Every structure is written in structure tokens, then in C-alpha cells.
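Below is one structure, written out as C-alpha cells; comments come after it.
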């Protein structure tokens, strides 16, 4: 569950940052001034961010189980 929550938070931060960037562009007065393709790219970017972070957190948990450590990679 913590992997999903952590990934969701990362995706929300990415989407929020992207939305702020879109809304502060030149000649943008309202949401309607941003094209649907821009919103689509923003949502796809958020989805990719979610999947990347979920995979990273899940991989770290598996590595910790295999190595028996809590550092994410085992002792060197």
C-alpha cells in the first residue's frame, strides 16, 4: 500500500507542477486557453511518473527482502 501511496503523491506533484507551468504560459487566461493535447500530455506524464515511482519503490522492497538489509541494495 505504501508503494501505491508514494507513487500517487509523486504523480500528483508532477501533474501539479505541469499544470502550473501550462497555466503560466503566455496568452493563457483560463483553462480553456490550454489545448486538449496539452492536457492529454500532462495526464500521460502523470501516469508515467506514477508507474516509474511504483516500480522503483517495489523494486527497492524486493531488493531489501532478498539482501536482508534495509538500505535498498545490500552491503558492499
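The values are calculated or read from the model by the stated rules, or taken from the named source; none is laboratory data. If you're wondering where the values come from, they're calculated on a predicted model, not measured in any experiment. Cβ atoms come from the backbone with ideal geometry, glycine included; neighbour counts cover every protein chain shown.
For this structure, a couple of remarks:
Here is a yes/no grid of residues against (1) in a helix (DSSP H, G or I); (2) touching a strand residue (DSSP E or B) at 6+ places or on another chain (Cβ under 7 Å); (3) surrounded by 10 or more Cβ atoms within 10 Å (Cβ to Cβ); (4) modelled with pLDDT under 90:
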{"position": "40", "(1), (2), (3), (4)": "yes, no, yes, no"}
{"position": "43", "(1), (2), (3), (4)": "yes, no, yes, no"}
{"position": "52", "(1), (2), (3), (4)": "yes, no, yes, no"}
{"position": "55", "(1), (2), (3), (4)": "yes, no, yes, no"}
{"position": "61", "(1), (2), (3), (4)": "yes, no, yes, yes"}
{"position": "69", "(1), (2), (3), (4)": "no, no, yes, yes"}
{"position": "72", "(1), (2), (3), (4)": "no, no, yes, yes"}
{"position": "75", "(1), (2), (3), (4)": "no, no, no, yes"}
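- Lone unmet requirement of (1) loosely packed, with under 13 Cβ neighbours inside 10 Å; (2) out of contact with any helix residue (DSSP H, G or I) (no Cβ under 8 Å at 6 or more places or on another chain); (3) in a helix (DSSP H, G or I) for residue 26: (3)
- Tally of residues being without any contact (Cβ under 8 Å) to a residue 12 or more places away in the chain and part of a helix (DSSP H, G or I) across region 1-12: 2
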